[in-house]
1. Only one of Thr151, Thr114 is of a type outside the set (A, V, I, L, M, F, W, C) and open to solvent by 70 Å² or more (accessible area, probe 1.4 Å). Can you tell me which?
2. Among the helices (runs of 4 or more DSSP H) lying completely within the stretch 22-118, list those that include at least 2 residues that are among the acidic types (Asp, Glu).
3. Got a sec? Which of Asp342, Asp363 is touching a helix residue (DSSP H, G or I) at 6+ places or on another chain (Cβ under 8 Å) and under 30 Å from Leu256 (Cβ atoms)?
4. Taking the stated definitions as given, is Leu98 within 16 Å of the ligand (Cβ to nearest atom) and modelled with pLDDT of 95 or more?
5. Out of Ala58, Ala3, Ala40, Ala16, which single residue is open to solvent by 20 Å² or more (accessible area, probe 1.4 Å) and touching a residue at least 60 places away in the same chain (Cβ under 8 Å)?
6. Pick out, from the stretch 182-296, the helices (runs of 4 or more DSSP H) lying fully within it that include 2 or more residues that are under 29 Å from Asn323 (Cβ atoms) and open to solvent by less than 30 Å² (accessible area, probe 1.4 Å).
7. Take the stretch 64-95 and flag every residue that is more than 16 Å from the ligand (Cβ to nearest atom) and in contact (Cβ under 8 Å) with a residue 60 or more places away in the chain.
8. Mind listing whichever residues of the stretch 89-111 are open to solvent by 30 Å² or more (accessible area, probe 1.4 Å) and within 14 Å of Ser163 (Cβ to Cβ)?
Amino acid sequence: MQAFAASITKPSELHALYKYKFAPKSPSAQRLKQSLAQDALKKRCYEFLNMTSRSFAAVIQELDEELRDAVCLFYLVLRGLDTIEDDMSLDLDRKVELLRSFDQVIYQKGWTFTENGPNEKDRELLVHFDVVIDEFLRLKPEYQKVIANITKLMGDGMADYASGEHRENTAIATIKDFDLYCHYVAGLVGYGLSDLFAASGLESKEIANDKALSDSMGLFLQKTNIIRDYREDLDDGRQFWPKEIWGKYVEKFSDLTKPEYKDKAQACLSDMVLNVLDDVPQVLTYLSKLKNQSVFNFCAIPQVMAISTLALVFNNLDIYHRNIKIRKGEAVKLITNSTDMDNVVSIFREYIFVISRKNEATDPNFMKISMAIGRIEQWIAANYKPSQKALQKAQQPSVLLPILLGLLGVLIMTYFKDA
Ligand code: IN0
């Protein structure tokens, strides 16, 4: 109900919410439900998935059957690893040992973990991790290998950061360290997913060969989250923004919340957004290479959510004080519209336009942001050939035209009547 109220002035969002709420279960969701009814173990895994991430769980469940379980298990394994990395109450040596050996843990039948702090949000997942392991071991060996390989690379990367490498005290210092951290926790997810897509035969091998493109897919999501979550992370004692950026504007990271540094905070935020905008052309290139419909939806949905979040946070000082999120109605509209490249490019253009309107000439990053936007527009013009459908849509006469002609007629008539 709250979601409907938030979108009250946006008819298209209300329509999307209404359709979403009353839509019948999709054929693939129905088939999954039937197969889970006969498989208690797998059912538990999908319950864990729904517990950890509601909306993204629905997107995974829409994947073609060949990939669905592999991606579900990949997600749960990564979530397990993340729950260890995240827990500030774990002893550091123990944490590092677990992170470095997690790729072996997933082959140990019966392994469970009860050492997480009571407030760790996905504690339950690790308490029952034996269920995830059993299901992981039922995947095709090719899929198991991809998941284990990424788990090793990510676990080692996280362990390096946890034990203070690439850091200054507890913070991320340089933009290079920031990129490397985001590569470990998100870019590698891109590598793994592309390997799974290629192994399934639903996508070509080429998608897995271009590592930079897969990396960008993860970086764009992760960096956008890091900007959005400034306040939450600060309150939890975490700091992911690189000092090389925020240090240009304030002495202390928490100064960004202070009213006297308002202008500095605004400039710092646009510097961070600028850093993320660089990934957009690569994201669009990756998406344009996908062939399978279910893989396309799965990949496109988080990316359009990210660009809309980026437009929302840009020049929005609220991020320094509270959690901000796109409206549910907007999210649902994006989910239902991300079905092909025409729509995805239009959505990106729409939000890039929002960013360019919010870009202020007094901002020290104004020119650089304008240039980054220009590069994105250039990419679209050079690489993107709109389909017949998009061209027809563009050629349809606008509803405004008859209204304007009518108004013109009334004006002319009034003029001659008075003359
Ligand atoms: C993801 C990514 C994800 C999906 C599809 C293709 C990808 C290609 C490269 C890298 C990541 C890709 O998507 C999820 C989306 C998600 O979880 N959304 C949250 C909302 C939110 O605000 O966090 C939700 O609850 O719906 C994602 O963010 N990550 C992720 C994790 C595992 C897998 Cl298998 C896929 C996390 C991260 C760190 C960005 C990679």
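The values are calculated or read from the model by the stated rules, or taken from the named source; none is laboratory data. All of these numbers come straight from a predicted model, not from anything done at the bench. Here the Cβ positions follow ideal geometry from the backbone for every residue, glycine too, while neighbour counts run over all protein chains shown. Just so you know, the surface numbers come from the protein's heavy atoms only, side chains and all, with ligands and any DNA or RNA stripped out. Shrake-Rupley method; radii C 1.70, N 1.55, O 1.52, S 1.80 Å.
1. Thr114
2. Working: elements: 27-37, 40-52, 54-61, 65-86, 92-105.
Counting at least 2 such residues, we get 65-86, 92-105.
3. Asp363
4. Values: within 16 Å of the ligand (Cβ to nearest atom): no; modelled with pLDDT of 95 or more: yes.
No.
5. On the way: Ala58 fails: touching a residue at least 60 places away in the same chain (Cβ under 8 Å); Ala40 fails: touching a residue at least 60 places away in the same chain (Cβ under 8 Å); Ala16 fails: open to solvent by 20 Å² or more (accessible area, probe 1.4 Å).
On inspection, the qualifying residue turns out to be Ala3.
6. Values: elements: 188-200, 206-209, 211-228, 230-235, 243-246, 262-277, 280-288.
Helices (runs of 4 or more DSSP H) meeting the threshold: 188-200, 211-228, 230-235, 243-246, 262-277, 280-288.
7. Narrowing the stretch 64-95 to residues more than 16 Å from the ligand (Cβ to nearest atom): 65, 87-95.
Selection gives Met88, Leu92, Lys95.
8. Asp91, Leu92, Asp93, Arg94, Glu97, Arg100
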